[in-house]
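Right, one structure below, let's go through it.
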Amino acid sequence: MKRRTFLVLTIFISLSSAVFSANKWETFTDLKNVVSISVSSQNLAYCATSGGLFVVDLTNGRVLEKYNNVNGLVSNNLTTSIIDKFNRLWLGASDGSIVIFDYLNKKWDYIYDIKNSNEANKSINYFIAYQDYIFAATGFGIQKISVNNFSFVDAPYYQLGSFNSKTPVNTLIIYTDKIFAGTPVGVAYARLRSSNLNNPASWLNYNQSPLNGNVRCFDEFNGYLFTGSDSGLVYYDTLNWNLYPEYSLAHTPIRAIKSVNNYLYIATPNSLMFAHQDSLNTPNTFMYGDSYNTINNDINKNVLIGVYEKGLRIKINNNYTDIYPDCPNRNSFDDIVEDDFGNMWFAGGANDAGFYKFDGKIWTFFTIDRYPAIGNSNFFRRIIAGRGQVWALGYGGGPTRIVNDNIKNFNPQNSNLPGITVNPNYCVPFGGAFDNNGILWLSFYASNSGASIYAYNGNDSLWVRIPNPTVISASSLEQVAVDSYNTKWVVSGEITPRGVYFYNENGTLENLNDDIYGFYTLNDFGPEVTDIKDILVDKNNEVWIATSNGVFIINDPLSAIKNPNQKPAPIKLGIISGNLRVPFTENCNCIAIDILNQKWIGTDINGVFHLSEDGSTLIEQFNTNNSPILSNKITSIFVSQKTGKAYFGTNNGLSAFQTYAIQPVENFDKIVCAPNPYIIPSSVELRIDGLVENSSIKIITLNGEVVAEFESPGGRVASWNGIGKNGKYLASGVYIIVAYNSNGTKVGTGKLVILKK
């Protein structure tokens with residue numbers, strides 16, 4: 001009996017863990033921008049990046065682990081790291097959080113004092129260790145923290161000599177008997193043991209050129225203290241500050257310095273130099289062409305370099321190699337789509353980002369250095385998928401089509417697509433969508449051709465040009481949505497007139513004489529609306545419009561093309577709270593729907609709102625206070641119909657949340673329940689998977705009694721809390737689950753074990 005109980009509990013634990021992981025959040029960030037490197041006695045490099053932490057085995061270059069805000073960190077935007085005398089990794093972040101990771105025992109501790117303070121600049125910029133303390137350079141001065149109990153020692157050192165109170169401190173070092181602080185306005189230093197560091201008079205200042213600029217780095221080398229700033233490199237001999245003996249380095253911006261063996265390594269904006277201790281005036285070039293953030297060494301004194309957007313550079317088999325985990329190319333996500341094969345695609349929306357593909361396991365990023373065929377620019381604002389194709393819209397570089405491994409860029413030089421007035425080769429498509437006939441429609445933010453909409457019907461060199469009517473003669477057109485009548489609904493952006501343009505070719509693409517069009521100005525949405533942000537057509541063929549002041553719905557788009565002069569008025573979305581309908585007034589950046597036609601709205605400052613199909617009910621809200629979402633400013637949203645994952649793009653990375661809105665199966669195969677056995681009461685609802693669309697579900701005893709019945713939300717997955725028709729939890733036992741479609745022609749079954757506590 002005991003053995004049987006053990007097996008049941010083991011099954012429960014494994015299944016419940018699977019359910020938990022299926023519902024938990026995921027974070028995807030760029031881990032290539034290494035800003036700090038700490039090396040353990042096991043010769044593992046802990047690489048702090050602006051997207052999280054990753055660990056590298058320096059003997060073989062293998063990435064062992066990666067950490068972010070869903071598996072240990074508070075903030076992914078790490079700024080500094082150090083290993084203390086207890087073999088714990090301290091990590092500082094831009095939000096003021098401090099994480100202490102006991103990597104030998106996989107234990108995490110946290111210090112929130114600075115993050116929760118009222119300081120204007122909370123960033124943790126640098127750590128140094130001294131005896132039983134960690135000194136933290138912050139955006140408002142220096143904090144002294146005990147490594148024994150994580151308590152703060154002394155009040156913050158706010159004023160360092162004559163520098164203004166709360167001057168940010170970039171870096172720290174202890175040299176001889178003094179502590180030195182590098183700031184944006186020079187160096188401050190004080191005796192460590194005999195001084196009251198809270199007394200400004202204890203500190204001396206030095207801010208003569210080139211240390212009158214932003215002081216970034218220190219290191220001791222050959223008995224001297226070397227100091228680098230945005231203006232040059234100097235050294236301190238315990239009495240005087242002296243220019244570095246080689247003129248160019250004495251007057252070149254310095255990013256990092258590090259003493260390794262008998263050499264001083266010096267990072268400038270685009271080169272890494274090194275000089276022997278006996279010949280400082282004749283430095284040599286070690287590396288060139290990248291931006292070098294930080295320098296360290298492993299336990300064998302091999303140089304390690306943190307390179308901007310190239311990861312950790314280490315020497316393996318006598319060759320330097322860049323190491324980083326699989327990750328997106330940048331932390332910016334301006335647009336998200338899913339292709340016909342279940343791959344996710346993302347437009348980076350930054351000048352150097354390109355666009356990215358994620359197949360659920362591996363990230364691929366498309367930039368011109370990797371894929372020259374994508375065009376002449378890495379700036380992609382929007383991305384479109386459908387009909388076996390993916391189109392990435394380059395802002396300046398034109399649209400790029402990807403079909404399997406074939407890539408083709410379209411631009412004014414190889415097609416009739418427009419440029420802009422000041423540069424005829426600068427092509428700026430901004431939005432697009434496939435219509436019901438498979439024709440791709442693109443909008444252009446600016447055009448020198450008198451046409452801001454082009455249609456692609458298979459002719460690579462000759463796109464169908466749609467001349468602008470007077471209502472949009474000078475518009476900058478942005479996002480596009482297509483309704484079931486093939487009407488194109490297009491956001492008109494920053495250039496007057498602003499609003500929503502609608503256009504229907506009336507079934508004759510080449511005949512412009514019978515085209516129908518109209519325009520909604522901002523006034524049609526009310527005086528509070530100053531901008532239109534996004535647009536979609538939902539499963540009920542309603543047009544949903546995200547604005548700077550809420551969401552508006554055009555529920556009869558056919559009326560608009562029947563009589564554009566008497567177009568239907570937009571209806572402002574309201575959410576029912578209590579017995580009242582409250583107008584939804586958020587500044588909305590983006591909007592998406594899931595397989596259940598529920599609405600997902602990304603806002604500018606308040607995260608994500610998940611609403612019912614008609615928008616009247618708030619199902620849930622996600623923000624940085626109640627979830628791991630990476631920012632309250634949401635730049636893009638997409639909900640995968642195949643997996644049910646909701647993706648939230650931000651400028652801090654990508655968050656994903658598992659929903660139950662998964663595409664239903666065509667026919668029943670097997671109903672799968674998890675956790676199974678289901679122990680009730682439980683904080684986790686039973687997940688019932690494998691349903692056809694709009695299933696009805698019955699829970700039946702082995703004697704044939706129906707003890708619970710309910711409807712699925714409409715997708716592949718439903719949930720149940722274990723309560724039967726009588727309002728009580730079901731008794732322990734074996735039950736049959738039966739699901740069937742609306743007319744009873746399709747039936748699926750499954751088995752469930754319930755254990756009642």
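Would you pick out the residues in region 521-549 that are within 17 Å of residue 591 (Cβ to Cβ) and in contact with a helix residue (DSSP H, G or I) (Cβ under 9 Å, 6 or more places away or on another chain)? Give the derivation first.
We begin by selecting, within region 521-549, every residue within 17 Å of residue 591 (Cβ to Cβ); these are 525, 529, 531-549.
Hits for region 521-549 are 529, 531, 532, 537, 541, 542, 543, 545, 547, 549.
When residue 594 is tested against (1) farther than 23 Å from residue 52 by Cα; (2) surrounded by 18 or more Cβ atoms within 10 Å (Cβ to Cβ); (3) touching a Lys or Arg at 6+ places or on another chain (Cβ under 9 Å), just one condition goes unmet, and that condition is (3).
Would you be able to tell me the number of residues in region 300-351 that are among the small types (Gly, Ala, Ser) and under 20 Å from residue 48 (Cα atoms)?
At the first step, the residues of region 300-351 found to be among the small types (Gly, Ala, Ser) are 306, 311, 332, 342, 347-350.
Imposing the further condition that a residue be under 20 Å from residue 48 (Cα atoms) reduces the set to 306, 311, 332.
Qualifying residue count, region 300-351: 3.
All told, residue 51 falls short of being modelled with pLDDT of 95 or more, more than 24 Å from the chain's Cα centre (by Cα) and within 17 Å of residue 307 (Cβ to Cβ).
If the requirement is being over 30 Å from residue 514 (Cα atoms), crowded, with 23+ Cβ neighbours inside 10 Å and not assigned by TED's automatic domain parsing to the domain that holds residue 656, which of these qualifies: 551, 608, 639? Talk me through it step by step, then tell me what you get.
On the way: 608 fails: not assigned by TED's automatic domain parsing to the domain that holds residue 656; 639 fails: not assigned by TED's automatic domain parsing to the domain that holds residue 656.
Exactly one of 551, 608, 639 is over 30 Å from residue 514 (Cα atoms), crowded, with 23+ Cβ neighbours inside 10 Å and not assigned by TED's automatic domain parsing to the domain that holds residue 656, namely 551.
Look at (1) surrounded by fewer than 18 Cβ atoms within 10 Å (Cβ to Cβ); (2) over 26 Å from residue 290 (Cβ atoms); (3) in contact with a strand residue (DSSP E or B) (Cβ under 8 Å, 6 or more places away or on another chain) and you find that residue 259 fails only one, number (2). Taking the condition surrounded by 22 or more Cβ atoms within 10 Å (Cβ to Cβ), more than 30 Å from residue 365 (Cβ to Cβ) and modelled with pLDDT of 95 or more, does residue 454 pass? Taking the combined requirement at face value, the residue does not satisfy it. In summary, strands (runs of 3 or more DSSP E) completely within region 243-362 and bearing 3 or more residues that are within 30 Å of residue 657 (Cβ to Cβ) and at pLDDT 95 or above occur at 335-338, 344-347, 355-358.
Exactly one residue among 727, 715, 704 is under 38 Å from the mean Cα position of the chain (by Cα) and assigned to a loop (DSSP other than H, G, I, E, B), and that residue is 715. The condition (being touching a Lys or Arg at 6+ places or on another chain (Cβ under 7 Å) and either part of a loop (DSSP other than H, G, I, E, B) or closer than 28 Å to residue 392 by Cβ (or both)) is satisfied by just one residue among 503, 517: 503.
Residue check: residue 97 meets all listed conditions (1) of a type outside the set (Val, Ile, Thr); (2) under 21 Å from residue 49 (Cα atoms); (3) touching a residue at least 40 places away in the same chain (Cβ under 8 Å) but one, namely (3).
Name the residue, out of 655, 682, that is more than 30 Å from residue 604 (Cα to Cα) and either hydroxyl-bearing (Ser, Thr, Tyr) or in the same structural domain as residue 622 (by TED's automatic domain parsing) (or both). Break it down into steps so the answer makes sense when it comes.
On the way: 655 fails: more than 30 Å from residue 604 (Cα to Cα).
Testing whether each residue is more than 30 Å from residue 604 (Cα to Cα) and either hydroxyl-bearing (Ser, Thr, Tyr) or in the same structural domain as residue 622 (by TED's automatic domain parsing) (or both) leaves just 682.
Yes/no per residue for (1) surrounded by fewer than 16 Cβ atoms within 10 Å (Cβ to Cβ); (2) in contact with a Gly (Cβ under 9 Å, 6 or more places away or on another chain):
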| site | (1), (2) |
| --- | --- |
| 164 | yes, no |
| 180 | no, no |
| 207 | no, yes |
| 217 | no, yes |
| 222 | yes, no |
| 227 | no, yes |
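Considering only residues in region 1-46 that are among the basic types (Lys, Arg) and closer than 21 Å to residue 76 by Cα, the one that is modelled with the highest pLDDT turns out to be 32.
For region 56-66, a residue qualifies if it is part of a strand (DSSP E or B) and surrounded by fewer than 22 Cβ atoms within 10 Å (Cβ to Cβ), and the qualifying residues are 57, 62, 63, 64, 65, 66. Suppose the filter is closer than 26 Å to residue 40 by Cα, of a type in the set (Lys, Arg) and either surrounded by 18 or more Cβ atoms within 10 Å (Cβ to Cβ) or touching a residue at least 40 places away in the same chain (Cβ under 8 Å) (or both); does residue 315 pass it? The answer is no for residue 315.
The values are calculated or read from the model by the stated rules, or taken from the named source; none is laboratory data. Remember, it's a predicted structure, so these values are computed and weren't measured experimentally. Please note: Cβ atoms are built from the backbone with ideal geometry, for glycine as well, and neighbour counts cover all protein chains shown.
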